[in-house]
1. Looking at region 822-838, which of its residues are buried (at least 16 other Cβ atoms within 10 Å of the Cβ) and either closer than 18 Å to D882 by Cβ or out of contact with any Asp or Glu (no Cβ under 8 Å at 6 or more places or on another chain) (or both)?
2. Among residues belonging to region 34-78 that are under 30 Å from T24 (Cα atoms) and either among the hydrophobic types (A, V, I, L, M, F, W, C) or in contact with a Leu (Cβ under 6 Å, 6 or more places away or on another chain) (or both), point out the one that is modelled with the lowest pLDDT.
3. Among the residues of region 123-138, write down those that are within 24 Å of the chain's Cα centre (by Cα) and not in a helix (DSSP H, G or I).
4. Can you confirm whether region 506-513 contains a residue that is among the small types (G, A, S), touching a residue at least 12 places away in the same chain (Cβ under 8 Å) and either in contact with a helix residue (DSSP H, G or I) (Cβ under 9 Å, 6 or more places away or on another chain) or assigned to a helix (DSSP H, G or I) (or both)?
5. Assuming W349 fulfils every condition listed in (1) free of Cβ contacts under 8 Å to residues at least 60 places away in the same chain; (2) touching a Leu at 6+ places or on another chain (Cβ under 7 Å); (3) aromatic (F, W, Y) apart from one, which condition is it?
6. If I filter region 317-351 down to residues being out of contact with any Lys or Arg (no Cβ under 8 Å at 6 or more places or on another chain) and hydrophobic (A, V, I, L, M, F, W, C), which single residue comes out as farthest from E400 (Cα to Cα)?
7. Could you please give the count of residues in region 174-196 that are hydrophobic (A, V, I, L, M, F, W, C), within 23 Å of W133 (Cβ to Cβ) and either outside the structural domain of S214 (by TED's automatic domain parsing) or not in a loop (DSSP other than H, G, I, E, B) (or both)?
8. For region 579-649, give me every one of the helices (runs of 4 or more DSSP H) that falls completely inside it and has 1 or more residues that are of a type in the set (K, R).
Amino acid sequence: MNTFVRPGDNVDLTEERQKCVFDTDKLGAIFYGSKHKLDRRRQFEDFITSLPEFKNEKPSISMSRLERFEINSKKSISFYEHLPEQVNLDDQMEIAQFYDKFFTYEGAPLSLHFFVFLPNLLNSMEGEQQAYWLEKALNREIIGSYSQTEMGHGSNLRKLETTATYDKATDSFIIHSPTITATKWWPGSLGKTCNVTIVVAQLYIEGKCLGPHSFIVPIRDFKTHYPLEGITVGDIGPKFAFSGLDNGYLIFNQVTIPRTYMFMKYAQVTKEGQYIKPLHEKAAYGSMIFVRSIMLTQQAQYLAMAATIATRYSCVRRQGNIDENDVEEKILNYQTQQYRILPQLARAWAFNAAGTYIMKLFTQVNEEMTAGNADLLPELHCLTSGLKSVVSFQAGLGIEQCRMSCGGHGYSHASGFPTLYATQIGGCTYEGENMVMLQQCARYLMKIAQSVKENTNLVGRSSKLFGYFFKNHTAKPTNLLEIFETISYHATMEVYEKLTNFKLNGMSHEKAWHQCTVDLSKASRAHVRVFLTIVYRDLVQNIEDVPINKVMSLLEDLWLKYEMLECAQYALMYNLVDGTQLKQIKEDLYADLEKVRPHAVSLVDSFDFTDRDMVTVIGRRDGHVYSNLLKWAESTELNQFQVLPSHSKYFGPLTRGEDPAQINRRLNNLFASSNYIPDEKPNLSPEACNEENVDAVSVEILRTLFNENYDKQILPNKKGVDVNIELALQNFNDVSEKSASFTADVLLSEVWQDKRLDFSRYSHCIENLTLNYQVANKIWQPFTCIVNSKKSFVHSSPSQNIFLMIYPNGTIWLNTRIQISGPCYISLVLFPLDQQECEIIIESYAYNTDKVRLNWRPWSPVFSYATKTKLPDFEIIRIQWDKQRFRYAAGLWDQLSVSFILKRKLFYYLLYVYTPIYICVLVSWIAFWIDHKSLPSRMTIAVSALMSLTFQYGNVSRNTSSKASYLKASDIWILVSCLFVFASLIELAFVGYIDRVNRQNQEINSYLNKKKKKKGEYESICDIRIPDKKRYGAIDIQSRNSIPNGNGAYSRSIDMSNASNFHHSKPTPLILTSTQGSMGKQHEISYETKHAFILSQ
């Protein structure tokens, strides 16, 4: 039932997973809120890892800060590109999930924009303001930050120094930093990324301070990105973690912004300078509360990651024996290891349950505040303040416990713990320092204590989270929840009494509070413990799956007993338990550890973290720790050199018995002399290392290296040579759809090591040898080639463009400038909205993988210099690279591939194809507005449009290179356009036909009206039956109503062989009118629809 079992995994981890008694996917769905959310996480992971930006990633620990920032900025653009198509933009939590998957926990330049700046716009801006700024955000005109913390003030918002003074004359605010300590300090994305920021400043109107309010302030030019006038902004420098994030500083010098740039959903300032108070004094804290709510779930996941790494590693690592056998024990079998790790696993679930509950409560409070009800806001503020402090503190302790449980490997960056801990522990400080947050929580608890003392009901006796304060706590508790409630009650009431007594004795409130802060913090922690117990209980009780419920009940029980032992002193102090009961609780805790132990691996698997999420080697899903630990070490920066350049400069002379100080003095004296003349044969001693002699020294080194013992046909290493490849695109042009090919100029770099060319003993003179193509032909080469090229050659301008550099340790860098004609995989199905792929495949032509192993350079192996290249019909939207192995008859060969993804430019087709065809179709519709009687004019327009469209279709086919024997998108579009024009012709024919019929009816009606006025007129309604299968013939007229005309009843047969335009196959009521005139008898027959025919007799 553990879905993480895979063939080939570490046998110990597989053994653990096969013991699973519950469905790990179902438990994962509970952790993330639903199966849909779990599935979306996995879909995001699959999608993101398929992107070229995430292939062959260089470990971030090996990057400089500038490299990290550049990589994360590049990923941010990709994030922006794919966000609308991959994510439901109405679901803020799904956006956060996609973001976390994109950047893992190390952060990125856009984190503040998405999770602080945008929520502030949504939650704190008035309608018109919100529409204006959100439109700019959605159009990607602005990137925002949130500037609250100052260099001299953080959590104490009331003492912020930045001012926003309202100027009634200009209807604007003046933002100013009056002191150095008023400098905004720490806001993420502020230093170099954002161009607007939300500034929290003290609002002043006519000299009166109205407290901190939020304002949106542009700080950089939207086009040039340079700081605006009056703005000083920059990055604050390296930090404990978040190296990919530009936390910044910001100083204002009398910066003017419009009045409407103040956040006015709650508090407002009118044009006349009138201040309108918010519904609640903490209404503006909504965004901070939202961030703290998000933090709870985030902190739970950090702790869950640490527990996952420690649990998996503890099942792979074996050490010592418990029983008398030769097989060492998994270290997770030791009770001490279980006591370190498993309570942290249980805590992660408690924190996650709290985060889920608080997010629901925040949504409810936000909706009620929009409707004008802020009753629940103080309760939410109290809970988020206390939880933020307790959860971040305990998560930090838990991660450190997990790190230490992994021994020496836990101290390595390969474990993932250093970065994870450094990232998580920041949560103890940002969004409110923990001690301050505990006192914020305690302020509300003191109000509750006052209600209890005065027997008033502040929050309601039935309140789920605070109602226990109004219970009778004199009886002995019967369970751990009641013990926690009683501890919280006594801790709160005691500190309330202490605070009250201080004030009764004449002490000010502020000083009395200061004297009680430690006890106030303890009361807050005690209440948070009660809250966590309640939400943890509710979580487990609501699990319907029986196997999962059993396992989660074990975890809950383990957590409760662990917490009980943590606060045992208070339980003893208030006489809630005795020593015997505590001892039993401790023994029960140890028993719970043994019960949870068999489920440990499956429980952490349910968190569904990938190795990429955790950035870990020792916590890998497959359990292959040791082999990958060695690979990780080999890939680090120092191991790219067998002999470090610093060794050759400093330690080399020392180990050869030379005195570095004496050498340096001689060198300085030698370099100072302008009369130094080298010997005829260069001396390679350090004394000879001067600028005048360096060429001679190089020649001597080459003569020494390339002697008769050097054979370029022999491999430098019998075990094979590793060659790192880098490809730089210099120019890209001439994409041909006819020949399905492209032409490009590239710089191909190959790096390998040939120990036979090691000259480190001379490196105090020469740091490297830079040579030309003639020397390149004398050394061994891996014979890399472009195997799929149609034609390629090395540029000669004027000599061959080959660059060779040899480093002291024998590392060789060979760079060649090549022009390549390669294949493109042309598909025109979506033309002209198509994308094409052109590919280069590199392999060694002469050596299989036993001799030469090709690899991409670990960091940014493919990049482009072709910034000025402008293709007429295409643009390169991305470059992606890959490695695979191909089997030939002679063995396996490494193949390195580079794909250039091209997107067709649309302007030409919009101008010369789409626009004319649009015009043709629209012209054909002009006929609809012309009088239907002007049929020739209407027909001329429609036919002309159809002919023009046909001509344009042929013109497109002749003048574009998109000829193909299959149907393209452009063909469908043009054919549909033709259909529109042809339909207008059909409409003309139909209207003409209707018009002709109407005119005939009018003529007949006119004729009948004239005949009625003549003498001898009569009518008879008859049945006329026309024989089937005959168009014309005799008609039997049976009179049903005879009108005497002097000749008796009328009944006869009439020959209609000369009647025209008449056909009917069924009996139809007709009207027969017979008159006597000078021309003889005339008969008219008409349908009920008034069609008439004149019969001559």
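1. G822, P823, C824, F831, P832, D834, Q836, C838
2. Residue satisfying both the conditions and the ranking: F54.
3. Here is the first cut: in region 123-138, the ones within 24 Å of the chain's Cα centre (by Cα) are 123, 130-131, 133-138.
Within region 123-138, none qualify.
4. Initial filter on region 506-513 (among the small types (G, A, S)): 506, 508, 512.
With the extra rule that they be touching a residue at least 12 places away in the same chain (Cβ under 8 Å), the set shrinks to 512.
Imposing the further condition that a residue be either in contact with a helix residue (DSSP H, G or I) (Cβ under 9 Å, 6 or more places away or on another chain) or assigned to a helix (DSSP H, G or I) (or both) reduces the set to 512.
Within region 506-513, one or more residues are among the small types (G, A, S), touching a residue at least 12 places away in the same chain (Cβ under 8 Å) and either in contact with a helix residue (DSSP H, G or I) (Cβ under 9 Å, 6 or more places away or on another chain) or assigned to a helix (DSSP H, G or I) (or both).
5. Unmet condition: (1).
6. Pass one, region 317-351, residues out of contact with any Lys or Arg (no Cβ under 8 Å at 6 or more places or on another chain): 319-326, 334-337, 339-341, 343-351.
Imposing the further condition that a residue be hydrophobic (A, V, I, L, M, F, W, C) reduces the set to 322, 341, 345-346, 348-351.
Numbers: I322: 26, I341: 10, L345: 13, A346: 16, A348: 14, W349: 18, A350: 18, F351: 17 Å.
Only one residue tops the list, namely I322.
7. 3
8. Details: elements: 579-596, 600-605, 611-614, 625-634.
Those helices (runs of 4 or more DSSP H) span 579-596, 611-614, 625-634.
The values are calculated or read from the model by the stated rules, or taken from the named source; none is laboratory data. It should be emphasised that the depicted structure is a prediction, and the values quoted were computed from it without experimental measurement. Backbone-built Cβ (ideal geometry, glycine too); neighbour counts: all protein chains shown.
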